[in-house]
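Quick notes on the structure that follows.
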Amino acid sequence: MNIDRYQRHSLIDWFSQDDVKASSFAVIGCGAVGNEVAKNLALLGVGRIDLFDFDTIEIHNLTRSVLFRESDVGLNKAEVAGKRIKELDPNIDINVYSGDFWDLLSLEQAKSYDCILCCVDNFEARIKLNQICLITGTNLINTGIDSKFSQIEIFPFKSGKYIACYECNLPNSAYERMQKRYSCGWLKKISFIEKKIPTTIITSSLTGSLAAANALNLIKDDSQHSAKRILIDSFTGNSTLSTIEQSCTCPACSVMADHISIAKGSAKIESNHFLDLNEADNITTSDPILVSYRCVECNPNEEDSTKVFQCASKYDSSITTCNTCETDSVDVTIKDSFSIDELIADFAGMEIPAKFIRFDNKDRTTIIELE
Amino acid sequence: MSEVNVIIRTADQTRKAEVSLDISNTGADVIQASVDNWSLPTDTDYSLVSTSSGKTITPNSTLGKNEIKDGDILEVQPVLVAG
């Protein structure tokens with residue numbers, strides 16, 4: 001490490017370059033806020049930054065993305081951001097993941113970060129990342145912007161239990177909005193047009209600065225025991241700092257037992273897979289599964305259902321139209337909870353199409369990450 | 001039935017009202033009433049914060065459970081989704 005580079009940092013009494021250099025972060029989403037967060041972490045001289053994004057650069061991204069150039073249009077956001085970060089500081093260990101973090105980020109890897117910074121643009125990804133951080137006890141900073149406001153939320157999950165999570169305060173309307181994207185539960189609507197939220201570099205840079213500052217706080221101060229939210233009106237400078245309260249009805253953290261254990265296991269369903277569980281016990285899958293479908297007109301008997309047992313997100317609403325009678329009369333069964341008995345009887349030998357499964361036994365939640 | 005007199009405002013403080021609310025009202029009820037009365041954009045989601053206590057009010061918890069008292073300020077904040 002060239003220490004001259006960080007000479008000015010060394011003059012700051014509260015800033016330990018060694019601690020910063022020893023820290024590692026994941027930035028999920030390399031759009032407007034992700035650019036700013038990655039740039040700030042790089043210029044601070046952190047040790048490792050892992051960048052995740054499946055998306056490609058479009059020309060309209062350039063008004064808010066300091067790491068992208070016109071010649072980058074069409075290229076993967078994480079790859080380009082990684083290349084530019086390496087130019088900013090070659091000492092930083094940069095890893096690029098050009099795909100969906102849900103597929104690429106293992107629980108073990110998530111646990112290795114000092115903090116994961118969520119810079120995505122939708123509720124579903126935030127909920128999934130919150131789940132990963134909650135399970136693994138990894139600090140999470142969530143960011144959000146519009147054309148006027150900057151928001152960051154700090155969830156210091158590493159500091160222990162009873163920390164509110166992202167879903168604790170998520171309004172019911174957010175779940176209703178998510179469901180509008182789907183039909184029959186979790187099949188993507190083919191005709192759905194996503195609303196675009198206009199933003200500027202003002203709110204994304206403000207958010208990126210606050211997120212990086214709070215990521216630094218998390219590595220130098222592990223005594224933060226409550227989740228908090230900062231909301232800033234970029235027009236007026238008014239800001240609100242609030243403690244995020246835990247909800248006893250939260251669909252994410254209230255269902256977790258006090259003790260969480262994580263293991264890895266084969267996705268293949270075999271009877272010896274669930275030795276510790278009774279046949280009547282239930283497991284919950286991390287992803288909704290399309291179990292079967294049947295046209296009620298062509299196949300009135302339930303036994304004539306076509307078994308699928310695949311991740312529901314791979315399918316869209318076109319499956320509800322029957323190829324034979326060409327009417328919308330196909331019933332689909334989508335589930336994320338199965339009894340052990342049912343799994344072994346109906347799906348033995350098949351692979352569970354999910355990132356992980358969860359089961360609760362007395363005061364312990366067990367997560368099995370599927371391989 | 002018990003009521004509290006509170007001030008509700010939007011995060012940008014362009015809208016503000018002094019209202020009496022039953023303490024059995026939930027965070028979600030207060031937000032819905034604000035969206036309806038002030039015609040706030042319905043394509044945005046909102047969260048409620050008591051600026052007096054500095055704590056969020058979860059959607060399904062009541063004002064009573066959050067110990068909201070006369071004179072408290074409740075702020076309706078947007079839940080930001082872009083990144």
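The values are calculated or read from the model by the stated rules, or taken from the named source; none is laboratory data. This one's a predicted model, so the numbers in the text were calculated from it and none came from an experiment. Every residue, glycine as well, gets a Cβ built from its backbone with ideal geometry; the counts of neighbours run over all protein chains shown.
Side notes on the structure shown:
- Of all the numbered requirements in (1) modelled with pLDDT of 95 or more; (2) in a loop (DSSP other than H, G, I, E, B), A:Ile135 misses one, and that requirement is (2).
- Any chance A:Ile59 is under 17 Å from A:Asn35 (Cβ atoms) and over 12 Å from the mean Cα position of the chain (by Cα): yes
- Complete set of residues in the range B:1-19 that are over 12 Å from the mean Cα position of the chain (by Cα) and more than 14 Å from chain A (Cβ to nearest Cβ): B:Met1, B:Ser2, B:Glu3, B:Val4, B:Asn5
- Number of residues in the range A:228-249 that are surrounded by 16 or more Cβ atoms within 10 Å (Cβ to Cβ), in a loop (DSSP other than H, G, I, E, B), touching a Ser or Thr at 6+ places or on another chain (Cβ under 7 Å) and within 9 Å of chain B (Cβ to nearest Cβ): the value is 3.
- Selection over the range B:53-75 of residues that are more than 9 Å from chain A (Cβ to nearest Cβ) and under 19 Å from A:Thr203 (Cβ atoms) gives a count of 0.
For every residue, the table says whether it meets (1) surrounded by fewer than 18 Cβ atoms within 10 Å (Cβ to Cβ); (2) touching a Gly at 6+ places or on another chain (Cβ under 7 Å).
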| residue | (1), (2) |
| --- | --- |
| A:Asp121 | no, yes |
| A:Lys128 | no, no |
| A:Arg181 | yes, no |
| A:Ile201 | yes, no |
| A:Ala213 | yes, no |
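- Residues of the range A:104-132 satisfying the condition of being under 19 Å from A:Ser24 (Cβ atoms), outside any loop (DSSP other than H, G, I, E, B) and within 11 Å of another protein chain (Cβ to nearest Cβ): A:Leu117, A:Cys118
- Taking each residue of the range B:26-52 that is facing chain A (nearest Cβ under 8 Å) and under 22 Å from A:Lys180 (Cβ atoms) and looking for partners that are in a helix (DSSP H, G or I) and small (Gly, Ala, Ser) with beta-carbon atoms closer than 6 Å, six or more apart or interchain, yields B:Asp45/A:Ser173; B:Asp45/A:Ala174.
- Top-ranked residue in the range A:138-151 [being of a type in the set (Gly, Ala, Ser) and not in a loop (DSSP other than H, G, I, E, B); ranked as nearest to the other protein chains (Cβ to nearest Cβ)]: A:Gly144
- If you go through the range A:294-343 and pick out every residue that is out of contact with any strand residue (DSSP E or B) (no Cβ under 6 Å at 6 or more places or on another chain), surrounded by 15 or more Cβ atoms within 10 Å (Cβ to Cβ) and farther than 29 Å from A:Lys355 by Cβ, you end up with 1.
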